[in-house]
Amino acid sequence: MDTFRFAKPDMLYLLLLVLVLVVLWILGNRRRRLARERFGDTELVARLSPDYSSIRLTLKFIIRLTAFIFAVLLIARPQFGSRLEEVKREGVEVIIALDVSNSMLAADISPTRLERAKQAIAQLVDQLREDRIGLILFAGDAYTQIPVTNDYLSAKMFLENAGPDVVSKQGTAIGTAIDLGMRSFSPASDKSKALIIITDGENHEDDAITAARAAAEKGVVIHTIGIGSPSGSPIQLNTGGKTEYLKDQDGNTVITKLDEKVLQEIASLTGGRYVRANNTSLGLNEIYNDIGRMKKTEINAVMYTEYNEQFLIPAVIMFILLLADILIMDRKNHILRRLGIDQTNVKGKGR
């Protein structure tokens, strides 16, 4: 069965302009209507401008808007996969465990700890070629957001939704994230597996050090990135468009601090690297350079290697729409009106 894709999916963001164009059309149409009402009596103005047709103007706008939509689809390059092959790749499996607890909403790393981490991960995914990547989200528990894959586009899409609202239990369970990470690797050489943990290190839920020792015994290298300030920062919450700060049961503002000790020990036990993030660099590139020096494992994957361009259909539809726009005049057609078949001038008649 063929698979469908867009070769340039980022171009589909242009479809957001459709809403803008519709709003501008509505505002412009309202302005024209008010101008006619200010000019004089509505019926009198209609008799003075018999060729004016609001229906035609609306129809031409709809045609142009539809043509724009198909133009966007055209430049996004729709394709159908036509050839399925088993390909062999040499790479490393990398699983990123991202802390999405409330403490990651602190703004000591701009714009917030969580948003900065997501930006850096997205940039890393853009650099991947042969390696496979998986994503785990954790707070009071750990969840697989996306299993190890070489579908980098899907990985970035799932990453966008990462936040405290996608987990049911708050807290920071680093040990649980390590356990899930070890179970999430595919059956391959242990020397080609790396786990990257991005967190502020405030582990309250489990024994992360014991989990790290178990990972080391299985040959899993764990790199850790500490994100946040050791001096601490309040946790921002956006409520009803207002910025508030998380408070404890006594009404005191909660201050979240980076706990580097546990992250340094986890990295040391497994032969990984610890990096403290800052506003200029999260540290992912340094860690990925270390991962690049690991022994590569040959990975068999079944994937489409050839795609047929499907530009003809949207191109033809767009051409027909533009041709219709040219043929449909802004004003009523005198010849058709004399013949009584101008659709914008026909009145209901009984049979």
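The values are calculated or read from the model by the stated rules, or taken from the named source; none is laboratory data. The structure presented is a predicted model; accordingly, all values stated were derived computationally and were not measured. All Cβ positions, even for glycine, are placed from backbone atoms using ideal geometry, and neighbour counts span all protein chains on display.
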Of the listed residues (Thr224, Thr256), the one being within 19 Å of Ile178 (Cβ to Cβ), assigned by TED's automatic domain parsing to the domain that holds Asp200 and of a type in the set (S, T, N, Q) is Thr224
So if I check each of Tyr274, Tyr245, which one is surrounded by 14 or more Cβ atoms within 10 Å (Cβ to Cβ) and modelled with pLDDT under 90?
Tyr245
Residue within the stretch 200-211 that is under 19 Å from Arg116 (Cα atoms) and in contact with a Gly (Cβ under 7 Å, 6 or more places away or on another chain) present
yes
What residue, among those in the stretch 132-154 that are out of contact with any helix residue (DSSP H, G or I) (no Cβ under 8 Å at 6 or more places or on another chain) and buried (at least 17 other Cβ atoms within 10 Å of the Cβ), is farthest from Gly175 (Cα to Cα)?
Asn150
For residues in the stretch 4-60 being of a type in the set (S, T, N, Q) and at pLDDT below 70, which is surrounded by the fewest Cβ atoms within 10 Å (Cβ to Cβ)?
Thr42
